[in-house]
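The values are calculated or read from the model by the stated rules, or taken from the named source; none is laboratory data. What you see is a predicted model; the values in this text were computed from it and never measured. Cβ sites come from the backbone with ideal geometry, for glycine too, and all protein chains shown count toward neighbours.
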Amino acid sequence: MTLPRYYFDIEDETVVPDTEGRVLPDRAAARIEALARGADFAADPEKLGGAGVVVVTVRDAPDRVVMRLRLVCQIEDLVD
């Protein structure tokens, strides 16, 4: 049995497509990988775009999206 290859495209203000992908046993493992990649990206303030949003789109084929992770980081200044 061949394990599926998942691709993790990262988007903040631009899209960085994953052209290599990663072989993982199942979608649950792909979900964990998406969370890890999004968290790593969002942890660096220099990488997090002006909108404060990072999206990880997970594909299991060139044109087949199987899940999307959206992390939002918003800061509200409440006092002048």
>> Against the condition outside any helix (DSSP H, G or I), of a type in the set (Val, Ile, Thr) and more than 16 Å from PRO17 (Cβ to Cβ), how does ILE32 come out, does it pass?
In response: no
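Yes/no matrix, rows are residues, columns are (1) surrounded by 13 or more Cβ atoms within 10 Å (Cβ to Cβ); (2) polar (S, T, N, Q); (3) at pLDDT below 95:
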position: THR2; (1), (2), (3): no, yes, yes
position: PHE8; (1), (2), (3): yes, no, no
position: GLU11; (1), (2), (3): yes, no, yes
position: ARG37; (1), (2), (3): yes, no, yes
position: VAL58; (1), (2), (3): yes, no, no
position: VAL65; (1), (2), (3): no, no, no
position: ASP80; (1), (2), (3): no, no, yes
> Name the pairs whose Cβ atoms lie under 9 Å apart, with the first residue in region 1-21 and within 11 Å of PRO62 (Cα to Cα), the second hydrophobic (A, V, I, L, M, F, W, C) and in a loop (DSSP other than H, G, I, E, B), and 6 or more positions between them or separate chains?
Replying inline: ARG5/LEU24; TYR6/LEU24
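The rows are residues; the columns are (1) part of a helix (DSSP H, G or I); (2) free of Cβ contacts under 8 Å to residues at least 40 places away in the same chain; (3) under 30 Å from LEU3 (Cβ atoms).
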site: ALA36; (1), (2), (3): yes, yes, yes
site: GLU46; (1), (2), (3): no, yes, no
site: VAL56; (1), (2), (3): no, no, yes
site: VAL79; (1), (2), (3): no, yes, no
